[in-house]
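Each remark here refers to the structure printed beneath this line.
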Amino acid sequence: MTSQPCSMQQQRPQRAQQTRRSQQARPEVAEALNHHLALAADLRGQVKQAHWSVVGPNFIALHHLFDDQVAILTAHIDLLAERLRALQQVPRGTLQEAVAASDLPTLEIRELFEEDATTAILERFEHYSDGLSEAIRQCEQVEDMSTQDLFIELQRQADLQSYFLRSHLPGADVALTSMRSRDGASEDARRVEE
């Protein structure tokens, strides 16, 4: 018995019958999922570039933070692609698709001083989060609560990463010191009044 080489011309098996539980995505939901798949892939690549390129006294903290963010974005990519498959859509997940579909600004390829790297990645996370807000609204309009829930969780994680990045920027300590001073002054004023 000889095996014959697989040919693209051979008939493919019939697709499985749709069941009562099968879902198909509304076109705008599938587009939002694929758009955020591209954004997350582009952002992951840019964060990895910052991970390699950051320099400065806080290098190691940012180097590790950026690596953690790459892992988070990798999980986002997988969740978005799997949701597309659950909705019987095909993810557009190649690097070429990400570059073509992403509207993130391009990160400069050079050594990035820690403040430049942090600010650049923060701006990109905030852009990603803004897009997720729009996707959340779109899903609500078409009553796709499962996909909306996914976008909400991704936004929650993106916003947390933005918070971590902001804490590395100059002025973050000043804001905390200013709040403590104000709260301390208020506490002192209350004591005087009593």
Could you please give the count of residues in segment 128-140 that are touching a residue at least 60 places away in the same chain (Cβ under 8 Å) and within 19 Å of R166 (Cα to Cα)? 1
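Results for (1) assigned to a helix (DSSP H, G or I); (2) farther than 26 Å from N34 by Cβ, shown as yes or no for each residue.
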site	(1), (2)
I60	yes, yes
Q69	yes, no
A81	yes, no
Q89	no, no
E126	yes, no
Across segment 109-127, what is the number of residues that are free of Cβ contacts under 8 Å to residues at least 12 places away in the same chain and touching a Ser or Thr at 6+ places or on another chain (Cβ under 9 Å)? 0
Selection from segment 69-98 of residues that are farther than 24 Å from Q24 by Cα and in contact (Cβ under 8 Å) with a residue 60 or more places away in the chain: Q69, I72
Going through segment 62-99 one residue at a time, which ones are modelled with pLDDT under 95 and of a type in the set (S, T, Y)? T94
Can you say whether L104 is touching an Asp or Glu at 6+ places or on another chain (Cβ under 6 Å) and either surrounded by fewer than 21 Cβ atoms within 10 Å (Cβ to Cβ) or assigned to a loop (DSSP other than H, G, I, E, B) (or both), as far as the supplied structure shows? yes
Of the candidates L73, L84, L62, the one satisfying the condition of being in contact with a Pro (Cβ under 7 Å, 6 or more places away or on another chain), crowded, with 17+ Cβ neighbours inside 10 Å and of a type outside the set (D, E) is L84
Quick check on segment 175-188. Is at least one of its residues of a type outside the set (A, V, I, L, M) and at pLDDT 95 or above? no
Could you check segment 1-46 and list, in sequence order, the residues that are assigned to a loop (DSSP other than H, G, I, E, B) and either at pLDDT 75 or above or of a type in the set (D, E) (or both)? R26
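The values are calculated or read from the model by the stated rules, or taken from the named source; none is laboratory data. Quantities reported herein were computed from a predicted structural model and do not represent experimental measurements. As a convention, Cβ positions derive from the backbone with ideal geometry for all residues, glycine included, and neighbour counts pool all protein chains shown.
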